[in-house]
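The values are calculated or read from the model by the stated rules, or taken from the named source; none is laboratory data. What you see is a predicted model; the values in this text were computed from it and never measured. Ideal geometry is used to build each Cβ from the backbone, glycine not excepted, and the neighbour counts take in all protein chains shown. Side chains are part of the model used for accessible areas, which takes the heavy atoms of the whole protein and leaves out ligands, DNA and RNA. Shrake-Rupley method; radii C 1.70, N 1.55, O 1.52, S 1.80 Å.
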Amino acid sequence: MVGKGAKGMLNGAVPSEATKRDPNLTRGNWGNQIEFVLTSVGYAVGLGNVWRFPYLCYRNGGGAFMFPYFIMLIFCGIPLFFMELSFGQFASQGCLGVWRISPMFKGVGYGMMVVSTYIGIYYNVIICIAFYYFFSSMTHVLPWAYCNNPWNTPDCAGVLDTSNLTNGSRPAALPSNLSHPLNHTLQRTSPSEEYWRLYVLKLSDDIGNFGEVRLPLLGCLGVSWVVVFLCLIRGVKSSGKASTPPQAGSVPTLKDPASPAWVVGGCRGWVRAIRGEEGPEDLWCLRDNEVVPGRKRAQRSPWSPSCPQVVYFTATFPYVVLTILFVRGVTLEGAFTGIMYYLTPQWDKILEAKVWGDAASQIFYSLGCAWGGLITMASYNKFHNNCYRDSIIISITNCATSVYAGFVIFSILGFMANHLGVDVSRVADHGPGLAFVAYPEALTLLPISPLWSLLFFFMLILLGLGTQFCLLETLVTAIVDEVGNEWILQKKTYVTLGVAVAGFLLGIPLTSQAGIYWLLLMDNYAASFSLVIISCIMCVSIMYIYGHRNYFQDIQMMLGFPPPLFFQICWRFVSPAIIFFILIFTVIQYRPITYNHYQYPGWAVAIGFLMALSSVICIPLYALFQLCRTDGDTLLQRLKNATKPSRDWGPALLEHRTGRYAPTIAPSPEDGFEVQPLHPDKAQIPTVGSNSSSRLQDSRI
């Protein structure tokens, strides 16, 4: 036995080397933990923080939104964020593969894919608008700074028009008459709002009146999708692992004198076969309860910038720009009024279910829960990574960014309200365009405003792309994992291209004159309560179908400690109960969607509900499908078999499959091979000797 072990060492099996390699040789891992944290922050901190949160907060009464927002964060957001990270990390699978835990609920994974598809379509439209503003800022005077443009109306009231300033320079002192109400105050609009509505969008009067496709926006949409595609195919972290076979000594050694045929797929672990005394090495597959010869699947590594310094820049640059705008915003006249509107709760609105529903949907939207991306990214973590710590850091950073961006927005809104002589609640667009009205207005008040405008919209583009990369990678990963053959693994670039082209074509209607109506419809229905429902079903299925004790034991095996008591209570009782009651009261107090003063027609609302149901309906449809194909004499037996974990559920690597996940290898007597682990302190392998008698022994080198 010693001789055989020494033979394995000649192939490069050095005990001290194992710790230097990625533990998961089949899929790949993050290069280091900071990569995962920063990429997750880039995924979670996106346009939802500086674009969606401010307009939802503004629409729901400022401070009235903050109270339910923090309640939802503490009792739903952080616990379910931790659940998704631990779920993906434990199984090392994407949003579809993890449902080996209970195959009947695999529809939850498909629902996540549908949600990610909807969000990916309209999210890139927001990025394309940021590209449009970025290109429009390449001038010595910002086009939304003054009211002397062809698209402006007589009701336009610009700040710089009254200050005799040019070239975007900063006013030495604002005129005193800006604080007085102007004539026809209810009709006064800022030049940034008119630029948004009348020039960028050329907004039509109805959601059914598409008008013309805005060619500048269409071109920017094409640029946005090209950038996403190129970054994904050029920025995949390979480090020599995407196509390089495992190094000798990194997997157990198996000796086999025969040369059997290859078998593909379904492997939970890998052992190395040495064909003859001096023959070539091959990989053998640990599949179900037997060792069979197999070909190792090509590795997939998570998206990560090829240069680590890029991650540090993209993660910190937005905070620098937001801080500059915050400092400028709070020094403007009237800023305090806007901030007080932001912080002061309107208690009558807090009792409205719509406010609580928007707060819940924003938490799930902002954190990325139920998108599938968190599970996918966590699946590339090393098995014993402290994802509990990561979930706390990422979720708090994300929500702190939202609150910080809110201070920036509302200080500017307070200034605009003071200038226009109207209440803060009526100063600007209540929809998704708020960020493209308030932020540009503040940029005109900075010195060398075109430069700061370029930097700001470059920041928006980076924030959006960070999330869009993960959205697209989630879809592509799910497709590749589900098909699973070698052809699609080799053609993953073409899959990515196909998804990008489809996203571009589906986004074209959103660049028409009615596009903003459709974007708001998708944001309110396709990516709102469906996220909440999917997360709730995921939580219930894990806690009550798989079993909370089983899942707590899994986490203890992975992290070395069980989940804290607070998270256990939230997962089992609090989070599902809060989500359930919010859904019930939202249905009771339902009000049709509006955009400013425009009331959506019934047929448009029906389309919105269909989009919302299209993701949720995947869950019962797949459950019925799984129930029909599962073996069982009675319906109860089929239900039991469909909900119990599949045989290959558990940690992906053999060395982590301990306790109830420990494999039982039962080779046939005629095989005549030996399995010899290189890390005897971590595994005990049943060995078959020359007399074909099976015995369990510690293997030593």
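Data overview
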quantity: Local net charge near Phe415, Cβ-Cβ under 11 Å (Lys/Arg +1, Asp/Glu -1); calculated: -1
quantity: FRET efficiency estimate (nearest 0.05) - Cβ-Cβ, Arg591 to Ser646, R0 35 angstrom; calculated: 0.20
quantity: Order of exposure, largest accessible area first, which applies to Asp633, Asp554, Asp348 with probe 1.4 Å; calculated: Asp633, Asp348, Asp554
quantity: Pairs beyond 26 Å (Cα-Cα), from Lys382/Lys640; Lys382/Lys492; Lys354/Lys644; Lys202/Lys354; calculated: Lys382/Lys640; Lys354/Lys644; Lys202/Lys354
quantity: Under Karplus coefficients 6.51, -1.76 and 1.60, residue-wise ³J(HN,Hα) of the stretch 372-379 in Hz, glycine/proline x; calculated: x, x, 5, 4, 4, 5, 5, 5
quantity: Rounded accessible area of Trp649 (nearest 10 Å², 1.4 Å probe); calculated: 10
quantity: For Val141, residues with placed amide H under 5 Å, excluding near neighbours; calculated: none
quantity: Ranking by accessible area, most exposed first, for Trp196, Trp151 with a 1.4 Å probe; calculated: Trp151, Trp196
quantity: Cβ crowding within 10 Å averaged over residues, with 616-629, 536-549, 468-481 ranked highest first; calculated: 468-481, 536-549, 616-629
quantity: Whole-angstrom gap from the stretch 629-664 to the stretch 498-523, using each part's C-alpha centre; calculated: 41
quantity: Accessible surface, 1.4 Å probe, highest first, among residues His597, His419; calculated: His597, His419
quantity: Amide H within-cut-off set for Thr189, under 5 Å, with H built and near neighbours excluded; calculated: Cys156, Ala157
quantity: Cα gyration tensor shape of the stretch 322-379, rounded if a/c is under 1.5, else prolate or oblate by comparing a/b with b/c; calculated: oblate
quantity: Burial order of peptide ranges 567-577, 33-43, 49-59 (average beta-carbon count within 10 Å, highest first); calculated: 49-59, 33-43, 567-577
quantity: Under Karplus coefficients 6.51, -1.76 and 1.60, residue-wise ³J(HN,Hα) of the stretch 540-555 in Hz, glycine/proline x; calculated: 5, 5, 6, 6, 10, 8, 5, x, 5, 5, 4, 5, 5, 5, 4, 5
quantity: Where a label projected 7 Å from the Cα of Cys628 along Cα→Cβ would reach, residues of the stretch 87-106 with amide N under 20 Å; calculated: 103-106
quantity: Global form of the stretch 413-564, assessed from the alpha-carbon gyration tensor, a/c cut-off 1.5; calculated: prolate
quantity: Amide H contacts of Ser512 (H built 1.01 Å from N, under 5 Å, at least 5 apart or other chain); calculated: Arg214
quantity: Using a Förster distance of 35 Å, the FRET efficiency for Glu486-His548 (Cβ separation, nearest 0.05); calculated: 0.35
quantity: Overall form of the stretch 558-638 per C-alpha gyration tensor (a/c, 1.5; a/b vs b/c); calculated: oblate
quantity: Highest average packing first - 365-376, 325-336, Cβ atoms within 10 Å; calculated: 365-376, 325-336
